[in-house]
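Values quoted throughout were computed directly from the atomic coordinates according to the rules given, and no laboratory measurement underlies them. Fair warning: this is a prediction, and the values are worked out from it, not measured in the lab. Glycine also receives a Cβ, built like all others from the backbone with ideal geometry; neighbour counts cover every protein chain displayed.
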Amino acid sequence: MSRKLLWTVAVLLCAAVPALAANPAAGTQVKSSGPEWSMNASIIEACSCPMFCQCYFNTKPAGHAMAAGHEGHAGMAGMEGMEHYCRANNVFRVNKGMYGSTKLDGAKFWAAMDLGDDFSKGEMKWVVVTFDPSVTKEQREGIKTVLAHLYPVKWGSFEVASQDLPVEWSHNGDHAVAKLDGGKAGEVVLNGAAVSRNASAPVVINNLKYWGASRHTGFVLMPNEVEAYRLGPNAFEFKGTNGFMITFDIDSKTAPPAPGSKSGM
């Protein structure tokens, strides 16, 4: 079960659409207030789009063949008989962060989402955030603030899980694995070795904006073996689609403003 979070701004996650983050028309802007904050975090991220997620270059996500009772294969936008969506899991581990006097170091949380079929107006469909049980109340307040600026869009539905679940986060060489409640609630497995390359070094996309982040170390391309969210009516699962890892910085002095939320959420 999950409950609507009554925030004055919509916050978060997925797949990333940097053009929206830079677009001041993507919602009513409000000035941030409260303590100063900063965050450096790494994300294990995967979505339903083909590699590499076209959401970074278009106002519509990839098209998926419509089939009764199950998901189809991802395709290019604009094709007839296609349903457009970007369903993603963004799994965070905070390397270092502060919210006022509260340290955010080590906090882990999971954001499952659907960006909808058209985000040209900076409006996304839904997102559910689940915190690891170790995240304190004070840390959660800081994380909520940071996410409102990292993902400066409106959400049709923003929910936070009423029950905390363990978040596993690991990265070793070409592989990255994230599990929510041991995989029963969610799972992301990335395999960087599946990317065709000329050397043993990972394939990295630089000079491409990640939402509202001030800086990042590049998109490390790692297609998923599976990316799944297994809770509630919006459960989904995809295999062999887009995935990457990214480490970003954001802070209260340089972050974009957080848009006002839809329907006052």
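How much net charge surrounds G243 when only the other residues with a Cβ under 10 Å from the Cβ of G243 are counted, with Lys and Arg +1 and Asp and Glu -1?
Neighbourhood net charge equals -3.
Does the stretch 147-265 classify as rounded, prolate or oblate by the C-alpha gyration tensor (a ≥ b ≥ c root eigenvalues; a/c under 1.5 gives rounded; else a/b over b/c gives prolate, otherwise oblate)?
Oblate shape, in that a/c is at least 1.5 and b/c is the bigger or equal ratio.
At 20 °C and a viscosity of 1.002 mPa s, what translational diffusion coefficient does Stokes-Einstein give for the stretch 148-191, taking Rh as the Kirkwood radius over Cα pairs? Give it in µm²/s as a whole number.
Translational diffusion coefficient: 169 µm²/s.
Sort the following peptides by mean Cβ neighbour count (other Cβ atoms within 10 Å, averaged over residues), highest first: 217-224, 34-41.
On the way: 217-224: 21.2, 34-41: 18.8.
In decreasing order of mean packing, 217-224, 34-41 become 217-224, 34-41.
Using the Cβ atoms and a cut-off under 11 Å, what net charge is assigned to the surroundings of P133, where Lys and Arg are +1 and Asp and Glu are -1?
-2
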